[in-house]
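Laboratory data are not the source of any read-out in this text; all were calculated from the coordinates shown. Fair warning: this is a prediction, and the values are worked out from it, not measured in the lab. Note that we place each Cβ from the backbone using ideal geometry, even for glycine, and neighbour counts take in every protein chain shown.
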Amino acid sequence: MLSVEEAISAVLEGAAPIGHEQAGLGELVGRIAAEDVTARMTQPPFAASAMDGYAVRSKDMRVGAELRVIGDAPA
């Protein structure tokens, strides 16, 4: 059995870099980007969330219980 290091070495020895080419937008399905792709501007241009509300544990729910916020997850 190969060690992890030997297995990684064997894989890297058999791998060779491939070239890259320019392609039109309609030709991109199934391809891998040669560089990072980033948006020029955030969409939507404001903080938005598909969901909002509170999460509570049922064991904390009792009549008259005062709950405290322990965290938030901003959009």
Quick one: 3J(HN,Hα) in Hz for the stretch 20-31, Karplus 6.51/-1.76/1.60 with θ = phi - 60°, rounded, Gly and Pro as x. 9, 8, 7, 9, x, 3, x, 9, 8, 4, x, 9
Output wanted: per-residue J couplings in Hz (rounded whole) for the stretch 53-68, from phi through Karplus 6.51 cos²θ - 1.76 cosθ + 1.60, θ = phi - 60°, x for Gly and Pro. x, 10, 10, 9, 8, 4, 5, 8, 8, 8, 4, x, 5, 9, 9, 10
Could you give the size of the charge dipole of the chain about its Cα centre, using +1 on the Cβ of each K and R and -1 on the Cβ of each D and E, expressed in debye and rounded to the nearest 20? 620
Would you mind computing, in nm to one decimal, how far apart the modelled labels at Ser9 and Glu27 are, each placed 7 Å from Cα along Cα→Cβ? 4.1
Find how much the distance from Asp52 to Glu66 grows on full extension, using 0.36 nm per residue of separation minus their present alpha carbon separation; answer in nm with one decimal. 3.0 nm
Relative to the longest principal Cα axis of the chain, at what angle does helix 4-14 sit, 0 to 90 degrees, rounded to 10? 50
Rounded if a/c is under 1.5, else prolate if a/b beats b/c, else oblate: with a ≥ b ≥ c from the C-alpha gyration tensor eigenvalues square-rooted, which is the chain? oblate
